[in-house]
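What follows is one structure encoded as C-alpha cells, with my remarks underneath.
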Amino acid sequence: HEMLALVVDDPLDRARHLALAGDEPNTETAAVLEEAATIAGLRGASSLSAQLGEHAFRRTPPKAVADARRRALAASHAHLAAGDVERARRLVVELESRQPDASARADVLILRSEFEPGNLQQRIAARRQALRDPALTPEQRLTIHQKLALMLRFTEALSSAQEHARAAVAVAEELEDDGALA
C-alpha cells in the first residue's frame, strides 16, 4: 500500500492506500488523510469522508491534541451525514477518553446533541449545557443559538425560540458572517 500511494494520482486513492499502509501515528500521513476526507465530503461521499477522517484521527500523534480533536469531530460529523449515528457516537466517546480536558467540551456537547434524534428534550438540554461553557467561541455560540431557535419552537413558547434566533443574528453580525445572517 505504501508503494501504491506513491504512484496513484487521485488524492482519495492515495489516501486509501496510506490508510492501509500502517497504523502508526504520523503527522504528515494524518494531514494527507484529513485533506482527502475533506475532498470526499465536498464530493458528497460522506461514508468515504468518515472513513478517511477516522483514519486521520487515529494516525494523529498523541501530542497533537488540537489536530486530533478537529479530525475526530469532522469524522463524527461525516458519520452522521452518512447515517451512521452509532459510529459517530463511538468516535466522540473515544475522543473524550483521549482528551478529557475542557477545551473539547463544547464541541463534544454540540455534537452529542445530534445523537438523540428521537428525544428532542435531551437534545435541547445538551445544547443548553454547551451554551453555558465559558470557553465557547463565537462560531460555537452561533451554531447553538441557531439550533435552539429551530428546536424550541416545537417545545416551548415562540418567545424562547425568538430569543435564540435574535442571539444568533447578533453573533452572526459580530462575526460578519453573511451566510449565517441570510
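Label separation (residue 170 vs residue 24): 5.3 nm, computed from points 7 Å beyond Cα along the C-beta direction. Projecting the Cα atoms of 79, 7, 48 onto the charge dipole of region 1-121, computed from C-beta unit charges around the Cα centre, puts 79 farthest toward the positive end.
Quick check: at a probe of 1.4 Å, how many percent of the accessible area of the chain sits on carbon and sulfur atoms?
Values: 5290 of 10050 Å².
Carbon and sulfur: 53 percent of the exposed surface of the chain.
Label-to-label distance for residue 178 and residue 129 is 3.9 nm, based on points extended 7 Å past Cα in the beta-carbon direction. Name the shape class, rounded, prolate or oblate, that the alpha-carbon gyration tensor gives for the chain, where a ≥ b ≥ c are the square roots of its eigenvalues, rounded holds for a/c under 1.5, and otherwise prolate holds if a/b is larger than b/c and oblate otherwise. Note, shape of the chain comes out prolate.
Please report, in debye to the nearest 20, how large the charge dipole of region 1-68 is about its Cα centre when each Lys and Arg carries +1 at its beta carbon and each Asp and Glu carries -1 there. Each step should come with its number before you reach the end.
Numbers: 6 positive and 11 negative charges, 33 e Å.
Using only the charged Cβ atoms, the result is roughly 160 debye.
At 18 angstrom or more along the helix axis (alpha-carbon based) and mean Kyte-Doolittle of 0.5 or higher, what helices does the chain contain? Whole DSSP H runs only. Those that pass (Cα extent of 18 Å or more, hydropathy at least 0.5) are 27-42.
Based solely on its DSSP helices, what 222 nm [θ] is calculated for the chain when runs of n ≥ 4 H residues each add -39,500 (n - 2.57) and the sum is averaged over all residues, nearest 500 deg cm²/dmol? Intermediate values should be presented prior to the final figure.
Values: 11 runs with 137 residues, N = 182.
That calculation yields -23500 deg cm²/dmol at 222 nm.
Once you keep just the Cα pairs under 8 angstrom separated by 6 or more residues, what percentage relative contact order results for region 1-145? Could you put the intermediate results ahead of the total?
Working: 188 pairs, mean separation 20.9, N = 145.
Once normalised by length, the contact order is 14 percent.
Each Lys and Arg Cβ is given +1 and each Asp and Glu Cβ -1; about its Cα centre, the chain then shows a dipole of about 660 debye.
Accessible surface computed residue by residue for region 59-182, with neighbouring protein chains in place and a 1.4 Å probe, gives 54 Å² per residue. Would you look at the GNM of the chain, springs on alpha carbons closer than 10 Å, and say which of 148, 73, 42 moves the most? Residue with maximal mean-square fluctuation among 148, 73, 42: 42. Calculated FRET efficiency, residue 119 and residue 9, Cβ-Cβ r, R0 41 Å, to nearest 0.05? Efficiency, rounded to the nearest 0.05: 0.30. Shape call for region 17-125 from the C-alpha gyration tensor, a ≥ b ≥ c root eigenvalues: rounded (a/c under 1.5), prolate (a/b greater than b/c) or oblate? Because a/c hits 1.5 or more and a/b fails to exceed b/c, region 17-125 counts as oblate. As a calculated quantity, the FRET efficiency between residue 163 and residue 97 at R0 = 30 Å, using C-beta atoms, amounts to about 0.25.
The values are calculated or read from the model by the stated rules, or taken from the named source; none is laboratory data. As the structure is a computational prediction, the values presented were derived from the model and not from experiment. So basically every Cβ, Gly included, is an ideal-geometry build from the backbone, and we count neighbours across all protein chains shown. Accessible surface is based on the protein model in full, side chains and every heavy atom, while ligands, DNA and RNA are left aside. Shrake-Rupley method; radii C 1.70, N 1.55, O 1.52, S 1.80 Å.
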